[in-house]
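In what follows, a structure is listed as structure tokens, so that the remarks can point back to it.
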Amino acid sequence: MSNFWIILFHTYISKLKTKSFIITTAVTIALIVALANLTSIIDVFDKDENTKVAVLDQSDELFAPLEKITSSSNKELELKLYKGSEEEGQKLVKAGEYEGLLVLTYNTEKLPDAHYYSMNIADSSVSADLLANIQIIKSNLAAAQLNLTSEQLVKLNEPVSFQSTALEENAKTAEELDQARGLVYALLFLIYFAVIMYANMIAMEVATEKSSRVMEILISSVSPIKHMFAKILGVGLLSLTQLALLLGIGYYFMTNNKDLSSMEGFLGFGDVPLSTILYAAVFFILGYFLYATLAAFLGSLVSRIEDVQQMITPMTLLVVAGFMIAMFGLGAPDNKFVAVTSYIPFFTPMLMFMRVGMLNLPLWEPVIGIMILVASIIILAVFGARVYKGGVLMYGKSNSYKDIKKALQLTKKD
């Protein structure tokens, strides 16, 4: 058993010290810090720089109300009354003197029409603000033509009262669903990226040792299943170290940054049910072991590091498929297709967790999902250990799934 722990901690410490791990962690932390302070960074570059838009008011009446509404709704958008021709105004926009040119006219019904010119319409924030403000003016003018009072206009534009009530006992309310959807969405991304990244790391680790020809020595001193799970647990410990660091920093900024405080409530971190946290941890760990075991014995089949990605591509596609179904399920968690596929082992970590987070499922459903995952991991571990034992001794060009049969034959000979 001591050899098992030696391999485990050697895998953990050696990976922890690698430049790629340190650089990846440092870059990710830098991205988290930058995103958490994105508003402040943008303000540094945009400080004291208002967006200037020239307004050619051919009606001679619309500029004043538009400027009044705009100055109160968006102080960074500055409107300048322009008296020249439309062609000259476009030249000023091309010269960079103005962000855009807004031409205001009346139509045949004495209601405003507008045409906005800018160098690039990809950034629609300015035009969207102008459109909203002009729409207010149009509503007021139309109301005046119809002899509507301001109270009647407000009532006309008042949104309809629409409530949704679930008749099922203990069903979640719309507010609880919205909160759960944000939390599940965030955790699904975490499961998705963690499984892909760390499962690939295990396959690369096995392939690297095999290419260095030290695998024969390791296998002769440690049983294949011990060696395989020592690698899996070593990388698993590394993943927990990295995730704990990144999540800790992310949570710190989310709780201490005023700009992100609203996201905490949206994602559901303000009032997370304990059961959701437990299910997230259970399905994350089981999903990791399932794909890590699969990645370990697939990595043992290749002799060159360059062949690893080709060999594990189908496994990656399984993760992607599960993630895509989960994204669909966020909008329809009680869909029969989602329910059925949540019992397929390779999709269970994401889909069953998504359903548990979004619906009030009876306890037996997630328990069955957990049992299916545990059984699949055991079967995959037993089968994987046999393939692993023969696969690590196979050299030469080996990048086909037919090599699984060869690996099993080598195990029988042994």
How many percent of DSSP beta bridges within region 1-139 run antiparallel, rounded to 5? 40
Accessible area in the full protein assembly, largest first, 1.4 Å probe, for 382, 338, 374: 382, 374, 338
Too long at a 26 Å Cα-Cα cut-off: which of 94/138; 68/138; 75/155; 52/155? 94/138; 75/155; 52/155
Please get the size of the charge dipole for region 33-139, origin at its Cα centre, with Cβ charges of +1 on Lys and Arg and -1 on Asp and Glu, quoted in debye to the nearest 20. 100
Counting other Cβ atoms within 10 Å, which trypsin sites (Lys or Arg not before Pro) in region 6-100 have at most 13 and lie in a DSSP loop? 47, 75, 83
GluC sites (Glu not before Pro) restricted to DSSP loop in region 80-156 with at most 16 other C-beta within 10 Å: 97, 109
Using the Cα atoms of region 40-147 to build a convex hull, what is its mean projected area in square nanometres? 7.6
On a C-alpha basis, how far is the centre of region 131-153 from the centre of region 293-349 in Å? Whole number, if you could? 55
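The values are calculated or read from the model by the stated rules, or taken from the named source; none is laboratory data. Note that the coordinates shown come from a computational prediction; the quantities given were computed from them, not determined experimentally. So basically every Cβ, Gly included, is an ideal-geometry build from the backbone, and we count neighbours across all protein chains shown. To get the accessible areas, we keep the full protein, side chains included, count just its heavy atoms, and leave off ligands, DNA and RNA. Shrake-Rupley method; radii C 1.70, N 1.55, O 1.52, S 1.80 Å.
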